[in-house]
Amino acid sequence: MKDYEIHKLIEQQNPEAKERLWQRIKSELDLPDNPPAPAPVAAKPKVWRRWTAIAAALVCVITLSIVLPLTLGGEKIRFSDFEHYTVARLEQNLEDYFLSNNRDLLVVDWYDIAEEVKTDYGHINEDPNDVVFFMETIVNNETGEILTLYITDNRTRVDILEIYHTGNNTTSVRNVSVKYSSDVLYTRAMFEYNKNVYYLNIDVGNAQERLTEIIESMLP
């Protein structure tokens, strides 16, 4: 891995994470506060061995920060990308699954009018008990709408859901803050309730009012 690629990886982290990464690497490799500048391979071949060690340490730190579960005492967020989770099918819909597992989570209750229901969950690779998200797509037989619901806990961020965090429009539904974004094809909404975050996507552009109705029906 080239030195400028390593810098790029570090700079892509948020300020707090970036500082932690540099401090971790400096403490393990005895680096100065300012990272060394790139050097030609032919002139200083030892530089590349040094940066290889830095790259290994960086990959280790980033991997640990992404994959390992967080301690329960903090407010830290863990981020999961597609390389670290596996998507598997649930044989039950979300409502039945949550009832059978004593999970008090919200759902979109279109089951009686659904043309099709597909329910999946994402879990950390090799650990099906470490659930990253639930996902259910329902086709409304009466309206033809296709709605997808994702659910995570409030300490987990997932790569495929980052677009929901960019919404600039907010409203309140039963005293719950909801963030919206939309384009000509889709409308998205996200909200937090009882330490879980709900993400909704409907295949209708500029349908904030419709999603507001759906969210209102979800809330107790």
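The values are calculated or read from the model by the stated rules, or taken from the named source; none is laboratory data. The shown structure was predicted, so the numbers you read here are calculated from the model rather than taken from an experiment. As a convention, Cβ positions derive from the backbone with ideal geometry for all residues, glycine included, and neighbour counts pool all protein chains shown. We work out accessible area using only protein heavy atoms, side chains counted, and drop any ligands, DNA or RNA first. Shrake-Rupley method; radii C 1.70, N 1.55, O 1.52, S 1.80 Å.
For segment 107-220, with only Lys/Arg (+1) and Asp/Glu (-1) charged at the beta-carbon, what is the dipole magnitude about the Cα centre, in debye rounded to 20?
Numbers: 8 positive and 20 negative charges, 111 e Å.
With only Lys, Arg, Asp and Glu charged at Cβ, the dipole is about 540 debye.
For GluC sites (Glu not before Pro), no site in segment 165-220 is both called loop by DSSP and has at most 15 other Cβ atoms within 10 Å. For segment 80-181, just say rounded, prolate or oblate: build the C-alpha gyration tensor, square-root its eigenvalues into a ≥ b ≥ c, call rounded for a/c under 1.5, and beyond that prolate if a/b exceeds b/c, oblate if not. Taking the square roots of the gyration eigenvalues as a ≥ b ≥ c, segment 80-181 is oblate. Protein heavy-atom surface of segment 122-220, 1.4 angstrom probe: 43% of the accessible area is carbon and sulfur, with nucleic acids and ligands not counted.
Can you give the accessible area per residue of segment 103-167, in Å², using a 1.4 Å probe?
On the way: 3030 Å² over 65 residues.
Result: 47 Å² per residue.
Just flag the trypsin sites (Lys or Arg not before Pro) in segment 115-186 sitting in loop per DSSP whose Cβ has no more than 16 other Cβ atoms within 10 Å. Numbers along the way, then the final one.
Numbers: sites: 118, 155, 157, 174, 179; in loops: 155, 174.
In loop regions of segment 115-186 (DSSP not H, G, I, E or B), the sparsely surrounded trypsin sites (Lys or Arg not before Pro) are 155, 174.
Electrostatic tally near residue 138: other residues with Cβ closer than 9 Å to its Cβ, Lys and Arg +1, Asp and Glu -1, net -3. Taking the inverse of the mean reciprocal distance over all distinct Cα pairs, the Kirkwood hydrodynamic radius of segment 122-220 comes to 14.1 Å.
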